[in-house]
1. For residue B:237, go through the lysines and keep the ones whose alpha-carbon is under 25 Å away, minus same-chain ones fewer than eight residues off.
2. Kindly write out, for the stretch B:254-271 in residue order, the coupling ³J(HN,Hα) from the Karplus curve 6.51 cos²θ - 1.76 cosθ + 1.60 (θ = phi - 60°), rounded to whole Hz, with x marking Gly and Pro.
3. Counting DSSP beta bridges with both partners in the stretch B:2-211, what percentage is antiparallel, nearest 5?
4. In Å and whole numbers, how far do the C-alpha atoms of chain A stretch along each principal axis, longest first?
5. Dividing the alpha-carbon radius of gyration of chain B by 2.2 N^0.38 Å (N being the number of residues), what value is obtained?
6. So what are the ³J(HN,Hα) numbers for the stretch A:239-250, from phi and the Karplus equation (6.51, -1.76, 1.60; θ = phi - 60°), rounded to whole Hz, Gly and Pro as x?
7. With runs of 4+ DSSP H residues as the only contributors, calculate the mean residue ellipticity of the protein assembly as shown at 222 nm using -39,500 (n - 2.57) per run, divided by the residue total and rounded to the nearest 500.
8. Rounding to the nearest 10 and keeping the result within 0 to 90°, find how far the Cα-based axis of helix A:66-83 lies from the longest principal axis of chain A.
Amino acid sequence: MYLNEPTLSDIVKKQFRFKLNANAASFSTFVLLQAGAIVLSIVGTNSSFFYSSDESLVTIITLSNDTNIVIAMVWAFVLGIMLTTRNKQSESFSFVSTRLSNHLSNFLFMLFSSLIAGISAVLSGSAIKLFGFIFHGEMVVHSSSIVDNPNNLLLQLVTAFAYILLLFLIGYSISSLVQTNKIFIALFALIWILATSMNGSWNGPEYALAIIKFFGSERSILLFTLKFIVAILGLFVISTLITNRSEVRN
Amino acid sequence: MTVVEFINVTKSYRTHTVLKEINFTIKQGVLTGIIGRNGVGKTTLMKLIVGFIEETSGKVEVFSEKPFNNLKVSANSILVDDGMNFPYPMTVTDVLKECNRFYVNWDAKLAERLVNYFGFHPDARHSQLSKGKKSTLNAIIGIAARCPLTIFDEPTTGMDSSVRKDFYRALLKDYLAHPRTILLSSHHIEEIEDLLEDVLLVHEGIAHFHGSITELQEMFITLTGKKEKLALHTNGKTVFSTNNLGPYSEWIIQNKCTQKELEQMKLDGIAIASVSANDAYIALTDRPKGGIDDVFE
């Protein structure tokens, strides 16, 4: 009897391609969300200054692609949760798969999606500038361009990519834990309550903010990258380990 | 060569135990029917073989390896059941394309011909197919994948009778052309008995019987005659089923009568006949006393 002995990387590659096909619709959703975010961003925030000395009025309109990046992060979080649902899991196991290959291909998919999402969310800045110019009429546009500050764009790309991937993995890990045992729903609810409530001795939002600051206020690129790699790999390893004995297609 | 081996395998879920120290082996290239009543653990057994679930105790070996989390077992086996799930947007053509990439022995031409024959629209979405059509497509995938270990769990659920016949015929033809180990479960033993080489009868968590259909049939005989005469001749023997047909009764008993006893029966006007595979299966799995009629008495 001839038995086929595939390598893990071979199957992971095939599953990655399968997952791209299977989740094609989520990219269409992403495009729609980004278009919506662009529309919201075009209006911008207005601030006007009146100079009484020469009676001139200066209006500063700030356009930003922050909405696009935040929406991309929310999208990643939701998609991360969806990737570990029973349904998605059994779809993978309709073909050749082990739990490890399933996780690895999911990770590749999240990596790829974060890259696409990060790049488009950052580059939507140019679209916002263009539409903003059309919408607000003639104005002086100031922005750092790729020509005079190439590092800035690169930094934006890297951070957007990192944040989106982190949100992907947070969603993925939460959902993996919940799949393993529904008691985690209660645990996450408790964490949520603790993080949002405050009284004399407990200040939840402050602690939550400290975690965000741990990533957000990092000034050194090297440390930032290190923090993210550790966090992302840590979450991934946790999700893989806790679901490695889970029963599928049940 | 042994393809599947179960040694004292127990599988428990939180509330109950399904398989209780079950032992059996499946040889390479044999088409085996897995039969048993509802809820005896046929599906559990099949899921253990392909590594979807893990045994509670004992040892499961497929291709001499533990199947749980095993890439080699996954690549060389396929389980066709109604839990086969494909992503919502995928069409029939998309699903077949994916199969082609995952299964090395995939016969794309055969799959295409079967899909055409059974009247699928190539752009129909798998998720929107009717129950019978879904089962048909899953069965086509099972046949065309040509996995060394192919498992069908109730593959004909929802299929109409003509599609069912066609499927069994297609399976048999492909099996003869490309011999491989096939496990097939069904409630309708009469539908698959011509197909099977062996049957594995799962009952009360163990392998109650494992052998050929003929062996299964030869375990019992049917006696038809007057009730009193039957009672007289079967005294001390286990009667598995009784059926009253007007003045005559039809009893199924274990085939352990001596030649002399049989001749005596014949002299008393009792007709002796062999049992169908289905009757033998029911006799083996029924409680010796009490049927549905007793519930209403």
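Readers should treat all values here as calculations from the given coordinates under stated rules, not as data from a laboratory. The structure presented is a predicted model; accordingly, all values stated were derived computationally and were not measured. Heads up, the Cβs are rebuilt from the backbone with ideal geometry, glycines too, and the neighbour counts pull from every protein chain shown.
1. B:226, B:227, B:229, B:256, B:260, B:266, B:289
2. 5, 7, 10, 7, 7, 4, 5, 4, 5, 5, 4, 4, 4, 5, 8, x, 9, 8
3. 55 percent
4. Largest first, chain A extends 91, 53, 32 Å along its Cα principal axes.
5. 1.15
6. With coefficients 6.51, -1.76 and 1.60, one gets 4, 5, 5, 6, 9, 5, 10, 6, 8, 10, 6, 10 Hz.
7. -16500 deg cm²/dmol
8. 10 degrees
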